[in-house]
Amino acid sequence: MRGEIISFEGIEGTGKSTQIQYLQQFLADQNIEAQTVREPGNTYIGERIRALLQNDAAADNMCPETELLLYEASRAQLIREFVAPRIAQGQWVIFDRFFDSSVAYQGAARGLSTEIVQILNDFAVQNYHPRLTFLLDIDVNTAFQRLQQRQTAKDRIEQESPDFFEKARQKYLEMATAKPKRFVILDGKLSSEDLAAVIREHVQKIFHF
Ligand code: TMP
């Protein structure tokens, strides 16, 4: 049996990584082997692209078109090298961001054509789509406060303005409202335990266990 794909989306500081850890443990308790992947990254090529996209001061003049193509390049490699073989073996893959991020960030926030982003998304992912996408939603002020509390230096995208993240957030909400079968919108201000419980309930309902 083929494996399943679940993705987590949301602007920075929504607690995606914590929830992914909880979910991976829950799936393991059900004897489901799940791998977590982060976008961009997870392959040699993807991690090199991630460094260029996020933490290379010499790449500060990157134009939005290049940015989009780099995310898509990382994605295309991730799907073919890592995701496809595992799904074929029946493993599950949890995405810490997937193609919806490109629609929200490069489409809405950077202002590139959503149509082009979607065409490139399809080209990169083929038919590897999530059955379930959790959108962790918080307001931009809270997201910024959480970012300030982090010990690590801000990467290139994290240095963007509140307006940039507001556009990404609104696009996420728009996509989630348009595709209610795939998306679940969650209040990122809930405690991490409460969020984990709601996520477990949805996973059990959708995948029947
Ligand atoms: P993160 O892994 O720490 O969330 O960082 C990934 C960053 O890359 C985050 O700021 C969102 C951004 N991003 C995009 O702009 N477009 C994309 O397609 C993806 C996957 C991420």
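The values are calculated or read from the model by the stated rules, or taken from the named source; none is laboratory data. None of these values were measured; they are calculated from a predicted model. Backbone-built Cβ (ideal geometry, glycine too); neighbour counts: all protein chains shown.
With the structure loaded, tell me whether Thr142 is more than 30 Å from Ile32 (Cα to Cα) and either touching a residue at least 24 places away in the same chain (Cβ under 8 Å) or aliphatic (A, V, I, L, M) (or both) or whether it fails that test. The answer is yes for Thr142.
Residues that are surrounded by fewer than 16 Cβ atoms within 10 Å (Cβ to Cβ) and at pLDDT below 95: does region 198-209 have at least one? Yes, region 198-209 contains at least one residue that is surrounded by fewer than 16 Cβ atoms within 10 Å (Cβ to Cβ) and at pLDDT below 95. Taken over region 19-52, the residue count meeting the criterion of being among the hydrophobic types (A, V, I, L, M, F, W, C), farther than 25 Å from Gly188 by Cα and touching a Ser or Thr at 6+ places or on another chain (Cβ under 8 Å) is 2. Specify the residue that is surrounded by the most Cβ atoms within 10 Å (Cβ to Cβ); the eligible residues are those in region 108-117 that are more than 12 Å from the ligand (Cβ to nearest atom) and in a helix (DSSP H, G or I). Among residues in region 108-117 that are more than 12 Å from the ligand (Cβ to nearest atom) and in a helix (DSSP H, G or I), the one surrounded by the most Cβ atoms within 10 Å (Cβ to Cβ) is Thr114.
Applying the condition of being of a type outside the set (S, T, N, Q), in contact with a helix residue (DSSP H, G or I) (Cβ under 9 Å, 6 or more places away or on another chain) and farther than 18 Å from Leu53 by Cβ to region 147-174 and asking which residue is surrounded by the most Cβ atoms within 10 Å (Cβ to Cβ) yields Tyr172.
Restricted to region 9-98, the set of helices (runs of 4 or more DSSP H) holding at least 3 residues that are within 16 Å of the ligand (Cβ to nearest atom) and more than 30 Å from Ala197 (Cα to Cα) comprises 44-54, 64-78. When Thr177 is tested against (1) in a loop (DSSP other than H, G, I, E, B); (2) exposed (fewer than 13 other Cβ atoms within 10 Å of the Cβ); (3) β-branched (Val, Ile, Thr), only condition (1) is not met.
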